[in-house]
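The values are calculated or read from the model by the stated rules, or taken from the named source; none is laboratory data. In this text, all values refer to a predicted model and were calculated from it rather than measured experimentally. Virtual Cβ from ideal backbone geometry, glycine too; neighbours counted across all protein chains shown. To get the accessible areas, we keep the full protein, side chains included, count just its heavy atoms, and leave off ligands, DNA and RNA. Shrake-Rupley method; radii C 1.70, N 1.55, O 1.52, S 1.80 Å.
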Amino acid sequence: MGPARLTAGLDHTRRLDLPAHRTLHGMTEPRTLDELMSYANEVDMRGRGGAAFPFARKLRAVADAVRSMRSECVVLINGAEGEPASSKDAMMLTRNPHLVLDGAILAAEALGAREVVLATPGGEVSEASVNAAVAERQAANVAGGAESRVPIRVVGIKERFISGEGGALVNAVNGQEGIPPGRKRRAAQSGVDGLPTLLSNTETYAQLALLAEYGPEKYAEVGTAKEPGTILLTVSGGAANGAVIEVPTGVMLADVLAMCEADIGDGVLFGGYHGAWLSAEAVQRAVVSREGMKAAGATLGAGIIVPVGSSTCSLGEAARVAAYLGSESAGQCGPCRLGLPDIGRLMCDLAEGNGSVDAIRRAVRMVERRGACSHPDGTAKFVLSALDAFESEITLHLEQGSCGRPVLGVMPMPEREKEVEYRLEVDWSRCIGHGLCAHLLPEFVKLDDYGFPAFRKIPGFMAKEAQRAVDMCPALAIRLSSGDGHGGPAPKPNGSPLRLVKKDGTTKTGPIPRLSRLGSRSGASRAGGTAG
């Protein structure tokens, strides 16, 4: 809708290779740091990944860290959407990768960065497209061009809902487990390889390239006065023609939905699975901009729009999403690890005509503001918004057991591999009922009237904690087995292997050894002594 900027040329070709990109946009001329910050401030350029942080402030924070630490820095492109209902980053990296790389290289040159790192889901078409784009630039450089002024490194990461969170992304790029760090840290201070890192979203860097190409005045010719430019929206769900659409800020949300032939039904989810539901009435008044969506009771976020439609059970769809969000917990924060799956189960009970809204609200209060990242709060926001938006639906389900509509699964969900489940097995001849396993895993181990344990199945994301309970059992009475009946320890977290110091002072590095649990009593005693 309106002038094509981010999507210019894509009506004629599936993918813009380097020659086609240069024909449209020309060569990118380097800009100083002050120039880039001045441009970004003039149009109030914000990040397009959801948080809408001022881009000029990010540039300044990294530059200040480089100066105070006297170190190099890195520019990191966040192409890990994670969000199942978003496709804009994948579209840009697949079809228009050079515009993204131009923006990142502009920032890297202005900061004097060591390299540009692009993180994207591994094994996807977007990764192949970006690798091809890097190869095209290297070939042009060999032929006498100037396309590879800054080294570019592509990192394929495992995609899950939280993989796009800044700390999780940095961990994944650094070869660690891609989950948010327990203690919040700013990428501008310590990111890739511990260096100051400019971390921003795929679309943000593409917008930076356009801002440098057009200049602030021409860039601001479209959009609203306060939020100039265009924005990418992903429309799915109950839309007959789901698509990624580029629109100027200030257009009516109803016009966007009409273009996609969307059935609004009971409402529209705006902002993704950490967003809020808008009623059909609110949709007709909503304006697509940060200011407009705030007035409508939602947030612009990453531009995700999911109309639920009128042929599916809206409460059942919300319950599906809540259950999915619960399964996507990183499993490292207790309130999130335990609370989000409970909320998902309670939402599913409600959709089946059982449970109560009050119970869900109490469960939500138990997780709010109690996690290392925004996942608990975002899930809480989604669930509370659904309870308000689908109040009449909930009444029908509680009174009649159903609203009469099936759950068609219109809310986008990733194809999920069946997660391995584990179980704890006990050697009853060794167990003395000390109860430490129940203390360490209270949600999966219960003690009977005699003080002996009874076990529930262990989900895959709790495997490390379960293995810890096994390792700490004083009687060496329990072991961890996979759900298919095969024994073996749980997967160890990514990171450094165990470092053993021998009696002669030399060291040996290797995997953490698994203590025998079926050996002799004397062997168990010796193992228990060294384990302490």
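What single numbered condition from (1) under 30 Å from D34 (Cα atoms); (2) surrounded by fewer than 19 Cβ atoms within 10 Å (Cβ to Cβ); (3) among the acidic types (D, E) fails to hold for E203?
For E203, the exception is condition (2).
Would you say E213 is surrounded by fewer than 18 Cβ atoms within 10 Å (Cβ to Cβ) and over 18 Å from the mean Cα position of the chain (by Cα)? Spell out how you get there, then give the answer.
Values: surrounded by fewer than 18 Cβ atoms within 10 Å (Cβ to Cβ): no; over 18 Å from the mean Cα position of the chain (by Cα): yes.
Here the answer is no, as E213 does not meet what is asked.
Could you list all residues from region 293-313 that are over 23 Å from D377 (Cβ atoms) and not β-branched (V, I, T)?
Kept after step one, since they are over 23 Å from D377 (Cβ atoms), are these residues of region 293-313: 307, 309-313.
Within region 293-313, P307, G309, S310, S311, C313 qualify.
For region 400-415, which positions are loosely packed, with under 11 Cβ neighbours inside 10 Å and either free of Cβ contacts under 8 Å to residues at least 12 places away in the same chain or of a type in the set (G, A, S) (or both)?
Result: G404, E415.
Might you check whether a residue that is more than 18 Å from G326 (Cα to Cα) and assigned to a loop (DSSP other than H, G, I, E, B) occurs anywhere in region 368-387?
Of the residues in region 368-387, the ones more than 18 Å from G326 (Cα to Cα) are none.
Taking every residue of region 368-387 in turn, none turns out to be more than 18 Å from G326 (Cα to Cα) and assigned to a loop (DSSP other than H, G, I, E, B).
Return yes when S327 is open to solvent by 20 Å² or more (accessible area, probe 1.4 Å) and either touching a residue at least 24 places away in the same chain (Cβ under 8 Å) or under 20 Å from the mean Cα position of the chain (by Cα) (or both) and no when it is not. Lay out the reasoning, then the answer.
Numbers: open to solvent by 20 Å² or more (accessible area, probe 1.4 Å): yes; either touching a residue at least 24 places away in the same chain (Cβ under 8 Å) or under 20 Å from the mean Cα position of the chain (by Cα) (or both): yes.
Yes, satisfied.
State which residue is surrounded by the fewest Cβ atoms within 10 Å (Cβ to Cβ) when the search covers only region 68-100 and only residues that are in contact (Cβ under 8 Å) with a residue 40 or more places away in the chain and of a type in the set (G, A, S).
Filtering region 68-100 for residues that are in contact (Cβ under 8 Å) with a residue 40 or more places away in the chain and of a type in the set (G, A, S), the one surrounded by the fewest Cβ atoms within 10 Å (Cβ to Cβ) comes out as S71.
For I157, which of the numbered conditions (1) buried (at least 18 other Cβ atoms within 10 Å of the Cβ); (2) over 24 Å from F270 (Cβ atoms); (3) modelled with pLDDT of 95 or more; (4) not polar (S, T, N, Q) fails to hold?
That leaves (3) as the condition not met.
Go through region 270-308 and count every residue that is surrounded by fewer than 19 Cβ atoms within 10 Å (Cβ to Cβ) and on the phi > 0 side of the Ramachandran plot.
Total meeting the criteria: 1.
Here are some conditions: (1) at pLDDT 95 or above; (2) loosely packed, with under 14 Cβ neighbours inside 10 Å. L16 meets all but one. Which one does it not meet?
(2)
With open to solvent by 40 Å² or more (accessible area, probe 1.4 Å), out of contact with any Pro (no Cβ under 6 Å at 6 or more places or on another chain), modelled with pLDDT under 90 and charged (D, E, K, R) as the only criterion, which of R114, R149 stands out?
R149
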